[in-house]
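Read-outs throughout are calculated quantities, based only on the coordinates presented, and are distinct from any laboratory measurement. Quantities reported herein were computed from a predicted structural model and do not represent experimental measurements.
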Amino acid sequence: MTGAEASSPPLPQGARAEPVAPAMLSGWGVDDQRVTLGLFAQGCETDPPLRQGATSPPALAVLCTKAAALLAAGEPSRETARRFFEDNFAFWRIRPTGAERGFMTGYFEPEFEGSLTRSDAFPTPLYGRPADLVTKMPGDDWPGLDPTLTSARRMAKGLEAFPDRTAIEEGALAGQGLEILWMRDPVDRFVLQVQGSGRIRLPDGKVTRLVYAGRNGHPYTSLGRELSRRENIPPEQMTMDKLIARLKADAGFARELIRLNRSFVFFARNDDLPADSGPIGGAGLPLTPLRSVAVDRSLWPYGMPAWIETEIPDGKGGSERLARLVLAQDTGTAIVGPARLDLFIGSGAEAGHRAGLIRHPFDFVVLWPR
């Protein structure tokens, strides 16, 4: 490679990027890169994206357009797709600070029962984005506010911290008409907010889709980690299934634990999404199971291809070797660091069970435009 071709991606201090040849990646010649090429050709992100990500290198958008032209000319062969990525990207193995491998979790699109009207069966409100919510953008300076806040409330006198989860649950948003639907309990709402999207099955059998519309900006707290600490459960044994079962068993305990997570997510309904389409990720595009990943949006741009290798649970008591080309199309509050990924598993309970089991080290190779 030339010096220009070998320019490595920007990384925080302590992290390392090591060049690697595609032929050295186990499974590179077996994976069907046509799938990821098709996703890449749909565009790097919408304008504007659902959640602002890192600035994309200009060459990445050019390559998205080039991929679209390639597909418009006809269905490419597997070899053509593979050569597209080999010819247009440099491959960099990412070593996080103090470690050799990255850390991966899984997420999914849950489905719950709900109602468009409040009732005894559905008393828990889900809110749309408040009109006075302001999201912090790169370069914004909010003097006088906690620098960890990522959103704020615009008042006549200026910006102030937005109400946290406890304040919202105690009525801070009452009377604004923000309720977009009602759920069975705060546990279902908590799971929906953690995953960032979902499907709600209404009493008449129809399904409405929910997409992320913002958050109150307070820091995210892992309830799984807190429950592990309180009840002496080894972290590797703490799954989403166990956490939900514990919360469902005791409403008072659930309320107290959930309120430790001061972060609160808002949603919008999108009933135009086809039933077989994945949820909308932070890039503003539909997610694809086992091909879309969430990344740290302060470090990586949407549309970035990456190669991942690891073993993950298959959800049936066994494991599956995962070696494939994925695409950065989403982000998450808990996804922080240069080699931290969240792998989208799919929709529904089975995907949720499997996603909750994934807490695994993995090899992470970024494909950076030449």
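Summary of values
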read-out: Cα gyration tensor category, rounded, prolate or oblate, for the stretch 64-128 with a/c compared to 1.5; value: oblate
read-out: Candidates 286, 96, 57, ranked by Gaussian network fluctuation over the chain, Cα under 10 Å, top entry; value: 57
read-out: Cross-link reach list, lysines versus residue 316, counting only Cα pairs under 24 Å and skipping chain neighbours closer than eight places; value: 242, 248
read-out: Debye log10 I(q)/I(0) at q = 0.23, 0.30 Å⁻¹ for the stretch 249-293, Cα point scatterers; value: -0.82, -1.11
read-out: Amide hydrogen neighbours beyond the local backbone of residue 181, cut-off 5 Å, H modeled; value: 126
read-out: Reference-scaled alpha-carbon Rg (2.2 N^0.38 Å with N residues) for the chain; value: 1.01
read-out: Of the DSSP H helices in the chain, those whose Cα atoms cover at least 18 Å axially and whose Kyte score averages -1.0 or more; value: 58-72
read-out: Cα gyration tensor shape of the stretch 106-255, rounded if a/c is under 1.5, else prolate or oblate by comparing a/b with b/c; value: oblate
read-out: Within a Gaussian network of the chain (alpha carbon springs, distance under 10 Å), most fluctuating of 244, 200, 94; value: 244
read-out: Percent antiparallel among DSSP beta bridges (both partners in the chain, rounded to 5); value: 80 percent
read-out: For residue 90, residues with placed amide H under 5 Å, excluding near neighbours; value: 368, 370
read-out: For the chain, built as a Gaussian network whose Cα springs stay under 10 Å, the top-fluctuating residue of 276, 296, 47; value: 276
read-out: Estimated 222 nm signal from helices in the chain, with DSSP H stretches of n ≥ 4 weighted -39500 (n - 2.57), rounded to 500; value: -6500 deg cm²/dmol
